[in-house]
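The values are calculated or read from the model by the stated rules, or taken from the named source; none is laboratory data. Predicted model only: the values in this text are computed from it and were never measured. With ideal geometry, Cβ positions are generated from the backbone for all residues, glycine too; neighbour counts draw on all protein chains shown. Ligands, DNA and RNA are stripped out before the accessible areas are found, and what is left, the full protein with its side chains, is counted by its heavy atoms. Shrake-Rupley method; radii C 1.70, N 1.55, O 1.52, S 1.80 Å.
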Amino acid sequence: MPAIETTRLSKWYGVHRGIEDISLSVESGEVYGFLGPNGAGKTTLIRTLLDFLHPTAGSATVLGLDSHRDRIEIRRRIGNLAGDFSYDPKRTGRELLSLIARLRGVTDMAYAETLAERFNADLDRPLGQLSRGNRQKIGLLQALFHKPDLLILDEPTGGLDPLMQEEFMVVVSERRERGCTVFISSHELDEVQRMCDRAGIIRDGRLIAVEDIGELMKKSDRRVSFKLADPVIDPGEFRELEGVEDFTADGPEVSFTHRGRIDPVIKRLARHTVLELDLTHPSIEELFLAYYVDDPAGSDGDGEVPR
Ligand SMILES: Nc1ncnc2c1ncn2[C@@H]1O[C@H](COP(=O)(O)OP(=O)(O)O)[C@@H](O)[C@H]1O
Ligand SMILES: [Mg+2]
């Protein structure tokens, strides 16, 4: 049973399109990135899933439950962080958490305390006095502290500093190891690449592609560059390896793009004294850029921008 399934889900705001005809399926246990630029429809889909918005057409299930009929049970069983995490500004984080704990029937606050420490969250100041990033931490805590089977997070790292973003990614991978399914919207490709197993790409309210991140990275070229202790006497030694392209050698410094098994490259390198070695994949940004840029009018079709 998929953790989330939508069938031709559409939401129009009067004449304005929010999302249109979205059919997607999130497998139990996966981390699914819902990726798209601002205004693409990410928040609309999430709010519709949680029955904060009523679909104009189509339907959705969450943990096998009907998104509308079973909304109360769904909201109790999952962890959700809304894009516009709202709060009573006079309440402290601790007060908010204990209120939510009561609603969910949770008594054990140990994980909440652990997370608060890890995120360096201030539970004792009124939320209205916290900076955006520090409020976001409280938002994450309330989504996570009851260890739900499913997390639905709308741009969760917005406002977090880089150190806390890292910590958040660690927490997500820990939850995943415990079998938690994570649905996470983002407009940041890099974040999706690092956290997610699959990504659905949304643009102008439509799901335009679903990609397995690992497969995508495997298929993609890597950039290899290294520096040897001695100048390369026979550049062909590397240039002729299978999968090598865009080869350049400058004295002891060599770089090229490479596709395929890396092992032969490493074995060849091992004949030399290697001072430096860099292996980089193109960012997912480069791979997905095609989905973001508009299809140039009169494209010859090789651009393959999915519609
Ligand atoms: N309350 C609303 N009334 C009218 N249009 C809306 C409303 N909320 C969102 N939209 C429109 O729906 C589209 C998707 O918005 P949204 O789901 O917030 O995108 P995202 O979360 O990906 O940035 C946008 O074009 C936005 O202008
Ligand atoms: Mg949004």
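Couple of notes before you dig in:
- Within the shell defined by Cβ-Cβ distances under 13 Å, the residues around Val244 carry a net charge of 0, with Lys and Arg each +1 and Asp and Glu each -1.
- Mean accessible surface per residue for the range 55-96, computed with a 1.4 Å probe while every protein chain stays in place, in Å²: 56
- Cα-based Rg of the chain normalised by 2.2 N^0.38 Å, two decimals: 1.20
- Entry comment: accessible area of the range 221-280 is 65 Å² per residue, from protein heavy atoms only and a probe of 1.4 Å.
- Within the chain: Cβ-based charge dipole about Cα centre, in debye rounded to nearest 20 (Lys, Arg +1; Asp, Glu -1): 1580
- Mean shadow area of the range 221-280, taken as a quarter of the surface of its Cα convex hull (nm²): 3.4
- The ellipsoid that matches the Cα gyration tensor of the range 78-150 has semi-axes, each √(5λ) in whole angstrom, of 18, 13, 12, with the longest given first.
- Between Met217 and Glu253, full extension at 0.36 nm per residue minus the direct alpha carbon distance yields a gain of 10.4 nm.
- Carbon plus sulfur fraction of accessible area for the chain, probe 1.4 Å, in percent: 47
- Backbone HN-Hα couplings from phi across the range 221-227 [Karplus 6.51/-1.76/1.60, Hz, Gly and Pro as x]: 6, 10, 9, 10, 9, 8, 10
- Descending by average beta-carbon neighbour count within 10 Å, the peptides 254-267, 196-209 line up as 196-209, 254-267, the highest first.
- Considering only Cα atoms, the convex hull volume of the range 1-128 works out to 144 Å³ per residue.
- Formal net charge of residues neighbouring Leu228 (Cβ-Cβ distance under 10 Å; K, R +1; D, E -1): -1
- Sites Ser59 and Asp230 - FRET efficiency at Förster radius 45 Å, r taken between beta-carbons, to 0.05: 0.10
- Cα long-axis angle, helix 93-104 against the chain (0 to 90 degrees, to the nearest 10): 70
- Put simply, the amide H of Leu81, placed in the peptide plane, has neighbours under 5 Å in Ile152, Leu153, Asp154, leaving out anything fewer than 5 places away on its chain.
- Percent RCO, i.e. relative contact order, over the range 4-212, from Cα pairs under 8 Å lying at least 6 residues apart: 31
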